[in-house]
Amino acid sequence: MSLHRKVLALTAILLGTCHSDKSCSFNDVLPVVTRLPGSNVRPVWNWKTPTTVGIDLSLYSIINLDTSLQILTTYIWFNMEWKNEFLYWNPDDFCGIKQMIIPYDHFWMPDLYIYEMTESANNNPGISFFNVSSNGTIKDSFPLRIISSCNLDISKFPFDDQTCTLSFGPYIHTVKDIIMVTKSNSSQVSKNSKDIFVSKGDWSLLDITVENENFTTENEVYSQVIYKISIRRAPVLYIINLIIPACFMVLLDIASMFIDMGTGERLGFKITVVLGFSVLLLILNNMLPNSDNPPVLGTFCCVCLAVMVVSIMGSIATSNMLMLSENQPDVPPWVKIWIMNHLARVLFFKVKSPKRENLVSIESAEKDNIDQKKTGRNIAMEMRKTDLHKDITIPVEVKLLKKLLAEVLKIRQEINLTKDQDDAKSDWYFAAMVVDRLILIVYLLIVIITFAIVIKVWAT
C-alpha cells in the first residue's frame, strides 16, 4: 500500500467518515492534522528511515562579544523544516487549503541543540506554532538569542577578524535517525544576513560559511550543520582611546631625553610619563582576555614601558656622573678607556688625542721642575750672597720683588689646580654625554623596530 493510501485510510479511520462534501473551514482540517498517531515519536512509517531536517538562519545582530570571557551573544532568525509521514490531506477536499498554523504541542519535533551554547537565554521570544503543509512538511520559524563560546585570536587587536562557529545538530538522535542538511548555501546565507544585519558599532559582518559534517562521540555518529560567522572589529574607538595616547607618550619620553642633564626636571618628567603609560596598560589589560598568545599591541606597550624604565635608569646614571665630578675629581681609567675613548668613537664624538694630552702634561711638569730648580738656585745664590756680603745692605726693592715672586708662584699653583679640576669636570660631563647619547640611540632603535613589527602584523 502506498504512503498516500495509508494516510487516507488512517484519516478516514480517525474521522469515522470520509469527506464527501467540500468544506471551507480550518476547523474541518484541524481533526485531520491534530489526531495523528505517534506525536511523541519520530513520524516515519519505517523506523529505519531517517528523518531529514533542513535548517536555515539569518544573522540579525551581534549583541556582544565579551573578549575577556570569550562569549558571543547573537540574535538570529532561524527556521527548521522536516517531513511528517503521517500527515496528509487533500487540499481539493478543503477548498484548496494547503497550509495551516498549528500549535506545536500536537507534533513531534527534532531535539535540536547548539553545541557551542554556554547558557540558555530565557528571554527568547516564544513562537509556539508550526506551519503545517498538506504534504506533511512542517516548518518551524522563530527568532533565537544565542549565548555561545568563541575561540578568539587577539594577536592583531584591535585590527582583528574573528570567526565564531554555531553548530546545529540533534543531541540524542544519531545519524541513523536524523540527518541535518542546509536549505541555503554559504553565499545565500551571507547575502540574507547582510541584508538584515544591524550593527551595534563594535563588529561588522564579513561572511558566513555553511558546512555539513558528521562527528563521532562514544562510538555514535551524529549529523550537524556548522555556520562559521566571520566578523571584523571596529578599531576607531581603540585608536582614539589607546593607540594614539600611547604613541604620544612614547614621543614625549623620547623628547625628554633632550632636557638638560644637569637639572632634575628630566627625571621628574620621565617618571610622570611612565605613570601615565602604566594607566594605559591597566586599561588595555581590562580589554583583553587571558590568552597564551598575547596581542602585539600589548607586547609593544610592555616593550615601551621597559625602555622607559631603562631610560630612567640611564638618566640616574648621568646625574650620578655629574655628581661625581664635584666629589671625585679624578676620572677612573676604565671610564676614560671604554666610555670616553672607544664608546665615544662609536657614537661619533670628537675624541681628544691622549698623546697630546700626555705631551702637554709632561711639558708643563718639566716647566714646573725647571722653574722650581731656577727658584731654588736663585734662593741659594741669594743666601750665599747674603753670607758673603752681610755687611752690605739689601735694597727695599729687592725684598718687594722677592715677595711678589712668591705670590705669583702661589697664584700659578692655584690656577693649575683649578684647571685640573675643570678638566676633571669636563671629563665627567663628556662621559655623561656619551652615556646619554647611547641610551637615546638604543631607545630609538628599539621603538622603531617594535613599531615596524606591529605595523607588519596589523597589515598582514
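The values are calculated or read from the model by the stated rules, or taken from the named source; none is laboratory data. Predicted model only: the values in this text are computed from it and were never measured. So basically every Cβ, Gly included, is an ideal-geometry build from the backbone, and we count neighbours across all protein chains shown. Please note that ligands, DNA and RNA were not included when accessible areas were found on the heavy atoms of the full protein model with its side chains. Shrake-Rupley method; radii C 1.70, N 1.55, O 1.52, S 1.80 Å.
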Members of segment 161-180 that are open to solvent by 50 Å² or more (accessible area, probe 1.4 Å) and aliphatic (A, V, I, L, M): Ile172, Ile179
Checklist (1) at pLDDT below 75; (2) more than 29 Å from Phe269 (Cβ to Cβ); (3) part of a helix (DSSP H, G or I); (4) open to solvent by 60 Å² or more (accessible area, probe 1.4 Å) applied to Lys352, failing item: (3)
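Are any of the residues in segment 239-248 among the aliphatic types (A, V, I, L, M) and without any contact (Cβ under 8 Å) to a residue 40 or more places away in the chain? Working first, answer last.
Quick first cut of segment 239-248, residues among the aliphatic types (A, V, I, L, M) only: 239-240, 242-244, 246.
Next cut, without any contact (Cβ under 8 Å) to a residue 40 or more places away in the chain only: 240, 244.
Yes: segment 239-248 contains one or more residues that are among the aliphatic types (A, V, I, L, M) and without any contact (Cβ under 8 Å) to a residue 40 or more places away in the chain.
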Given (1) open to solvent by 40 Å² or more (accessible area, probe 1.4 Å); (2) outside any strand (DSSP E or B); (3) within 30 Å of Ser68 (Cα to Cα), number of the condition Pro158 does not satisfy: (1)
Residues (of a type outside the set (Ser, Thr, Tyr) and either surrounded by 12 or more Cβ atoms within 10 Å (Cβ to Cβ) or assigned to a strand (DSSP E or B) (or both)) located in segment 205-220: Leu205, Leu206, Asp207, Ile208, Val210, Glu211, Asn212, Glu213, Asn214, Phe215, Glu220
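From the list Ser134, Ser223, Ser141, exactly one residue is more than 36 Å from the chain's Cα centre (by Cα), open to solvent by 50 Å² or more (accessible area, probe 1.4 Å), in contact (Cβ under 8 Å) with a residue 40 or more places away in the chain and within 28 Å of Lys83 (Cβ to Cβ). Which is it?
Checking each option against the conditions leaves just Ser141.
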Flag if Ile229 is aliphatic (A, V, I, L, M) and part of a helix (DSSP H, G or I): no
Identity of the residue in segment 119-131, open to solvent by 40 Å² or more (accessible area, probe 1.4 Å) and outside any strand (DSSP E or B), that ends up modelled with the highest pLDDT: Ser128
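To keep it simple, each residue is scored yes or no on (1) over 15 Å from Ala432 (Cβ atoms); (2) modelled with pLDDT of 75 or more; (3) open to solvent by less than 20 Å² (accessible area, probe 1.4 Å).
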| site | (1), (2), (3) |
| --- | --- |
| Gly262 | no, no, no |
| Val273 | yes, yes, yes |
| Leu282 | yes, yes, no |
| Asn286 | yes, yes, no |
| Cys304 | yes, yes, yes |
| Val307 | yes, yes, yes |
| Met313 | no, yes, no |
| Gln328 | no, no, no |
